[in-house]
Amino acid sequence: METKLQNNYSSWWPKAIIGTFVFFALFIGNMVRQAMKSDVDLVSKDYYKQEIAYQQHINQVTATQKISDQIFINQADAAEQLSLVFPSQYAGQKVTGQVHFFRPSDAKLDFEMPLNLNSDQQQHIHTNVMVKGLWRVQLNWNVAGTEYFIQKDITLR
C-alpha cells in the first residue's frame, strides 16, 4: 500500500501578475485623482471677449513700436519696488491707463491698478506685498486718443 503525498506547492506567478495589475490600477487611479485636483490657470475667464478684442491689441502694439522713446519698466530688488518710467515727451499730456500684474502660475494673485504718474513721469509700485516669483507686467496707456501696450516679465526675489 503506497500513499502518495500531495504537493501543496503553488506557483507565485499568478499572484505576481494579479499584484501588478492591482498596483497599476491604483497608480492610474491616483494620477487621475491628482489631475482632477490641479488648477489650470492657462486661460482667462473671459477668453472669448479677449479674443474678439485681439485686433485692438495688435493696433496698440503697433502704435507702441512707432513711438521714438520707449517706456521703461525697471525693477529694484533692494528697494522692493517697480518703477514705470515714461519719457519726457509725455510731460504736460494727460496719460491714463492700467497696470496689470499677471501671475502665470496662479490666477488668484492677478491684480490691476490705475496708472498714476508723478511730476517726473514715473510711477513707483511697492513689490514687498507681492508673492516672490515670476510676474508678467502688462501696461496699457492712452495719450491723446491713441492706445499703447507694453509687457515685461519680471522675477521677484
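The values are calculated or read from the model by the stated rules, or taken from the named source; none is laboratory data. All of these numbers come straight from a predicted model, not from anything done at the bench. Positions of Cβ are backbone-derived with ideal geometry, glycine not excepted, and every protein chain shown enters the neighbour counts.
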A78 being surrounded by fewer than 10 Cβ atoms within 10 Å (Cβ to Cβ) and either over 22 Å from the mean Cα position of the chain (by Cα) or part of a helix (DSSP H, G or I) (or both): yes
Out of (1) in the same structural domain as K152 (by TED's automatic domain parsing); (2) part of a helix (DSSP H, G or I); (3) over 18 Å from Q122 (Cα atoms), what's the single condition that is false for T64? (3)
Cross-chain or 6+ apart pairs with Cβ under 7 Å, the range 114-138 first and under 11 Å from L156 (Cα atoms), then in a strand (DSSP E or B) and among the polar types (S, T, N, Q): T127/Q81; G133/T155; L134/T155; R136/Q151
If the requirement is being closer than 19 Å to H126 by Cβ and within 21 Å of the chain's Cα centre (by Cα), which of these qualifies: D39, D110, D46? D110
Matching entry among N128, N140, N59 (being at pLDDT below 90 and under 20 Å from the mean Cα position of the chain (by Cα)): N128
Go through (1) touching a helix residue (DSSP H, G or I) at 6+ places or on another chain (Cβ under 6 Å); (2) buried (at least 17 other Cβ atoms within 10 Å of the Cβ); (3) under 27 Å from A53 (Cα atoms) and name the single condition Q121 misses. (3)
Residue satisfying all of: in the range 81-106; surrounded by fewer than 14 Cβ atoms within 10 Å (Cβ to Cβ) and more than 22 Å from the chain's Cα centre (by Cα); modelled with the highest pLDDT among these: T96
How many residues are part of a helix (DSSP H, G or I) and loosely packed, with under 12 Cβ neighbours inside 10 Å if we restrict to the range 43-55? 7
